[in-house]
Amino acid sequence: MNRSHGLNTVSTKNFRDIAAPAAILMLAALLAGEAAAHGNTPPSLQGVEIPATPGLLDGDAPIIIDKTAAIQLGKALFWDVNVGSDGMACASCHFHAGVDSRIKNQLSPGYLTKRAPTTQTFEATASGGTGGPNYTLKRSDFPLHRLANPGDKESAVLFNTDDIVSSAGVFSARFNGQRAIDSKHDDCTPQTDSIFHLSDLNTRQVQSRQAPSVINAGYNFRNFWDGRANNIFNGVSPFGVRDVNAGIWITGADGTANKQPIRLENASLASQAVAPPVNTSEMSCTQRAFPDIARKLLTRRPLDIQDIHPEDSVLAELRELSGKGLNTSYESLIKAAFAPRYWSGSGEFGKPAATGAAPYTQMEANFSLFFGLALQIYQQTLISDQSPFDTPRLAGFPQMPEGLGKRQQRGLKIFLNAHCSECHKGPTLSAAAHPDIYTLSDAFSSLRLVNRKTINGAFGGKGVAQGLLDEGYFNTSVTPTNADPGVGGVDPFGNPLSFSEQYLQFLLTGKAMTDPVIVNSCDLDNAFAQDYLKSELIDDTTITGSCGDRSVYAKLPKIPVLTAELEKRNDGRALAAVNGAFKVPTLRNVELTGPYMHNGSLLTLEQVVDFYFRGGNFSNAHHFATLVFPQTISATEKTDLIAFLKSLTDERVRWERAPFDHPGLKIPHGHKENAGRQDPELAQDLFLNVPAIGKNGRDAALGPLKPFQNYLRP
């Protein structure tokens with residue numbers, strides 16, 4: 001059977017064809033034992049290569065010609081507060097084990113909720129606090145959905161809010177242009193903010209979803225909670241081939257530059273990287289474009305107002321003698337890292353909106369390309385693969401990492417027996433990882449980007465549904481489905497973010513999927529031929545490769561049959577279970593990455609375990625109840641399971657040793673009480689000072705990074 005599952009333009013591995021005899025023997029051996037129903041221990045991440053981006057570093061004309069310079073550029077850009085309009089760096093939301101551990105001004109109303117009166121207003125917190133802008137979180141504010149019995153989904157609801165615990169970004173303001181070179185902030189005019197304000201002063205805006213970890217994110221096929229950071233990078237925006245107008249200026253041998261589309265596969269980190277710097281609540285004043293960021297940065301010394309540790313693992317050799325910033329410019333780093341055809345052209349490459357401003361240079365016009373790829377190259381170094389879980393495996397089934405203690409081993413067995421590894425699988429412990437990183441031992445689990453699975457009890461426990469879904473994106477009923485569409489949303493061009501929705505549209509209309517991914521009907525867990533009548537099906541003529549012994553399942557529903565199904569309650573057999581579905585996050589370093597879930601609603605691992613073992617918070621129609629269902633767990637078992645989860649922490653992350661060391665960072669962290677002013681219309685910032693750390697990590701005086709709850713008062 002063909003295991004092609006990736007992009008049409010990518011040569012992917014045919015897993016079953018490569019290892020069919022060995023795989024059949026392995027399957028027979030596993031089925032001989034009762035434990036096989038729960039699977040074996042996920043593999044170590046050590047030695048697992050991040051899927052390569054063809055043409056980026058290889059080929060006759062690579063885009064990046066000096067990887068070391070690109071990593072230096074990427075690290076500088078990631079940590080530089082000058083990238084933001086008013087002091088926000090990418091790292092401002094990813095400075096603590098890849099996430100955000102700020103505790104003040106971190107609440108946002110649930111403004112993604114449809115048809116709810118509270119989406120533009122804040123609610124009181126569970127602790128009795130006022131909530132809203134500038135609120136300081138407490139432990140007693142969690143969980144955001146509180147039950148009389150945390151182990152019983154049906155018990156009385158003691159507290160619930162649609163507010164979100166997330167990350168503060170920029171003030172609401174309109175971009176006018178750049179200030180003098182010695183200014184760290186853009187020239188922006190504050191705009192009245194009806195949500196984020198204290199009295200008549202604007203506060204910093206807070207995002208609608210929790211910031212996920214950037215550590216190991218290079219293994220993901222797509223990025224962001226809703227997957228909108230496309231696997232294909234177009235050089236300009238997060239949306240891959242969906243953005244048909246995206247193009248990069250490339251200078252030819254004759255010196256003439258032309259704007260051309262580029263399509264870089266396995267580059268979702270670059271797609272993700274170009275979103276926040278121009279997002280008007282995260283890092284940017286409205287109407288600011290990437291060439292404007294370039295004009296601000298290119299002649300600057302990178303990190304010019306920030307401390308660089310003399311033993312920084314990447315930047316030490318470029319450290320300026322004063323210890324502030326680097327001894328080079330962003331322009332010089334780009335010239336060292338990228339092929340000249342992307343920056344050497346002369347002439348005009350578009351004009352700023354500001355009247356009288358000079359036209360953009362090629363380097364300015366292409367800055368989104370440099371920014372996205374440099375951040376990708378840097379973030380791909382942030383691999384956390386030295387946890388106790390990554391130690392050599394002992395003989396037996398399930399295989400036990402030798403670094404686990406007895407309690408952690410018991411916890412691993414609970415993890416497997418409770419089916420946690422069905423979603424948190426593979427070496428990254430996430431089904432949202434690029435399928436090519438799975439080893440042959442996982443060849444019998446789903447390696448697809450689109451699948452069709454059984455969703456038991458999805459409709460109030462009344463029967464079984466079969467639903468199309470995006471692998472690695474599941475509705476676990478953290479919030480009601482209408483609170484946030486997740487991967488069921490659409491891009492700015494009106495296309496579904498979901499591969500499954502695109503596939504369903506293809507089945508109904510014959511129109512090609514927006515994203516060039518392969519879906520083989522014979523390769524679905526629950527093929528259409530299993531629950532549609534023979535008379536309702538036609539042959540699937542779009543198969544890529546061979547179905548092998550599953551060729552009987554190469555069938556598609558007829559269009560009138562699908563249309564009739566969609567008229568039924570919950571879409572009948574044509575269900576696409578994608579609304580309210582979110583990316584499965586990695587569990588690596590999970591001890592340090594709270595608060596948890598896409599809405600930041602859970603504070604501790606104990607609360608996370610309660611959530612999953614009670615089967616979620618709500619009874620959503622698209623709830624993935626096959627794997628998230630009520631299960632019993634004793635207090636001792638819960639302790640053992642949490643001990644296992646803590647074994648996934650890499651001590652280099654906890655102590656910020658290389659490659660997790662970093663420059664110093666001053667992060668906006670709430671506002672001065674009593675409406676202090678830093679501007680006639682803006683509340684005065686308070687700051688969290690993150691010290692510069694060198695390759696040997698934090699010293700004993702600083703101590704290690706701690707779990708999020710440790711920073712909160714009761």
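The values are calculated or read from the model by the stated rules, or taken from the named source; none is laboratory data. Bear in mind that the values here come from a model prediction, so they are computed numbers and not experimental data. Virtual Cβ from ideal backbone geometry, glycine too; neighbours counted across all protein chains shown. Please note that ligands, DNA and RNA were not included when accessible areas were found on the heavy atoms of the full protein model with its side chains. Shrake-Rupley method; radii C 1.70, N 1.55, O 1.52, S 1.80 Å.
Do the conditions hold for ARG713, that is, is it surrounded by fewer than 21 Cβ atoms within 10 Å (Cβ to Cβ), of a type outside the set (A, V, I, L, M, F, W, C) and in contact with a helix residue (DSSP H, G or I) (Cβ under 8 Å, 6 or more places away or on another chain)? Judged against the criteria, ARG713 is a match.
Conditions tested, residue by residue: (1) of a type in the set (S, T, N, Q); (2) over 26 Å from LEU201 (Cβ atoms); (3) outside any loop (DSSP other than H, G, I, E, B); (4) open to solvent by 10 Å² or more (accessible area, probe 1.4 Å).
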residue	(1), (2), (3), (4)
PRO54	no, yes, no, yes
LEU57	no, yes, no, yes
PRO62	no, yes, no, yes
THR68	yes, yes, yes, yes
GLY74	no, yes, yes, no
SER85	yes, no, no, no
LEU112	no, no, no, yes
SER127	yes, no, no, yes
ASN134	yes, no, no, yes
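Touching a strand residue (DSSP E or B) at 6+ places or on another chain (Cβ under 6 Å) and open to solvent by 10 Å² or more (accessible area, probe 1.4 Å): does that describe ALA316? So ALA316 fails the test.
If you check PHE618, PHE708 for being aromatic (Phe, Trp, Tyr), touching a residue at least 24 places away in the same chain (Cβ under 8 Å), buried (at least 16 other Cβ atoms within 10 Å of the Cβ) and farther than 20 Å from ALA168 by Cβ, only one passes: PHE618.
Identify all residues within segment 275-305 that are part of a loop (DSSP other than H, G, I, E, B), out of contact with any Lys or Arg (no Cβ under 7 Å at 6 or more places or on another chain) and not basic (Lys, Arg); write none if there are none.
Once the filter is applied, which keeps residues that are part of a loop (DSSP other than H, G, I, E, B), out of contact with any Lys or Arg (no Cβ under 7 Å at 6 or more places or on another chain) and not basic (Lys, Arg), segment 275-305 yields ALA275, ASN279, THR280, SER281, GLU282, MET283, SER284, ALA289, LEU298, THR299, PRO302, LEU303.
If you check THR299, THR286 for being open to solvent by 50 Å² or more (accessible area, probe 1.4 Å) and within 23 Å of TYR360 (Cβ to Cβ), only one passes: THR299.
In segment 392-421, what residues are assigned to a loop (DSSP other than H, G, I, E, B) and either open to solvent by less than 40 Å² (accessible area, probe 1.4 Å) or closer than 24 Å to PHE611 by Cα (or both)? Reasoning before the result, please.
Taking segment 392-421 first, the residues assigned to a loop (DSSP other than H, G, I, E, B) are 392, 394-400, 402-405, 418-419.
Once the filter is applied, which keeps residues that are assigned to a loop (DSSP other than H, G, I, E, B) and either open to solvent by less than 40 Å² (accessible area, probe 1.4 Å) or closer than 24 Å to PHE611 by Cα (or both), segment 392-421 yields PRO398, MET400, GLY403, LEU404, GLY405, ALA418, HIS419.
Summed over segment 495-521, the residues that are within 30 Å of THR161 (Cα to Cα) and either open to solvent by less than 40 Å² (accessible area, probe 1.4 Å) or assigned to a loop (DSSP other than H, G, I, E, B) (or both) give a count of 3. Taken over segment 552-590, the criterion of being in contact (Cβ under 8 Å) with a residue 60 or more places away in the chain, open to solvent by less than 20 Å² (accessible area, probe 1.4 Å) and closer than 20 Å to GLU536 by Cα is satisfied by ALA574, LEU575, ALA576.
Restricting segment 136-152 to residues that are open to solvent by less than 30 Å² (accessible area, probe 1.4 Å), part of a loop (DSSP other than H, G, I, E, B) and not aromatic (Phe, Trp, Tyr) leaves a set whose member that is nearest to LEU602 (Cα to Cα) is PRO143.
Every residue, every condition in (1) in a strand (DSSP E or B); (2) open to solvent by 10 Å² or more (accessible area, probe 1.4 Å); (3) touching a residue at least 40 places away in the same chain (Cβ under 8 Å), yes or no:
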{"site": "GLY235", "(1), (2), (3)": "no, no, yes"}
{"site": "PRO238", "(1), (2), (3)": "no, yes, no"}
{"site": "VAL241", "(1), (2), (3)": "no, yes, yes"}
{"site": "ASN245", "(1), (2), (3)": "no, yes, no"}
{"site": "ILE250", "(1), (2), (3)": "yes, yes, yes"}
{"site": "ALA253", "(1), (2), (3)": "no, yes, no"}
{"site": "LYS259", "(1), (2), (3)": "yes, yes, no"}
{"site": "LEU269", "(1), (2), (3)": "no, no, yes"}
{"site": "GLN272", "(1), (2), (3)": "no, yes, yes"}
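Can you name every residue in segment 319-346 that is at positive phi and surrounded by fewer than 18 Cβ atoms within 10 Å (Cβ to Cβ)? Walk me through it before giving the result.
In the first step, residues of segment 319-346 are kept if they are at positive phi; the result is 323, 325.
Within segment 319-346, GLY323 is the sole residue that qualifies.
Checking SER332 against (1) modelled with pLDDT of 95 or more; (2) of a type in the set (Gly, Ala, Ser); (3) in a loop (DSSP other than H, G, I, E, B), only one condition comes out false. Which one? It is condition (3) that SER332 fails. For segment 685-695, state whether one or more residues are outside any loop (DSSP other than H, G, I, E, B) and open to solvent by 80 Å² or more (accessible area, probe 1.4 Å). The answer is yes; a qualifying residue exists. For ASN176, are the conditions met, namely being farther than 23 Å from GLU591 by Cα and touching a Leu at 6+ places or on another chain (Cβ under 7 Å)? For ASN176, the condition - farther than 23 Å from GLU591 by Cα and touching a Leu at 6+ places or on another chain (Cβ under 7 Å) - is not met. Of the residues making up segment 153-174, those that are under 30 Å from VAL278 (Cβ atoms), at pLDDT 95 or above and assigned to a loop (DSSP other than H, G, I, E, B) are ASP163, SER166, SER167, GLY169, VAL170, PHE171, SER172. Residues in segment 537-570 that are within 17 Å of GLY510 (Cα to Cα) and among the charged types (D, E, K, R): ASP539, ASP540, LYS555, LYS558. The set of residues in segment 183-207 being open to solvent by 30 Å² or more (accessible area, probe 1.4 Å) and touching a Gly at 6+ places or on another chain (Cβ under 8 Å) consists of LYS184, HIS185, ASP187.
A quick yes/no check of all residues on (1) surrounded by fewer than 13 Cβ atoms within 10 Å (Cβ to Cβ); (2) charged (D, E, K, R); (3) modelled with pLDDT of 50 or more:
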| position | (1), (2), (3) |
| --- | --- |
| GLY6 | no, no, no |
| LEU31 | yes, no, no |
| ILE65 | no, no, yes |
| ILE71 | no, no, yes |
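Let's see how each residue does on (1) surrounded by fewer than 19 Cβ atoms within 10 Å (Cβ to Cβ); (2) among the hydrophobic types (A, V, I, L, M, F, W, C); (3) within 30 Å of HIS185 (Cα to Cα):
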{"site": "PHE613", "(1), (2), (3)": "no, yes, no"}
{"site": "LYS638", "(1), (2), (3)": "yes, no, no"}
{"site": "LEU648", "(1), (2), (3)": "no, yes, no"}
{"site": "GLU651", "(1), (2), (3)": "yes, no, no"}
{"site": "GLU656", "(1), (2), (3)": "no, no, yes"}
{"site": "HIS662", "(1), (2), (3)": "no, no, yes"}
{"site": "ILE667", "(1), (2), (3)": "no, yes, yes"}
{"site": "LEU682", "(1), (2), (3)": "no, yes, yes"}
{"site": "ASP699", "(1), (2), (3)": "yes, no, no"}
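Within segment 542-580, being among the hydroxyl-bearing types (Ser, Thr, Tyr), more than 24 Å from PRO496 (Cα to Cα) and not in a helix (DSSP H, G or I) holds for one residue alone: SER546. When segment 684-697 is filtered for residues that are touching a Leu at 6+ places or on another chain (Cβ under 9 Å), within 21 Å of CYS188 (Cα to Cα) and touching a residue at least 40 places away in the same chain (Cβ under 8 Å), nothing remains.
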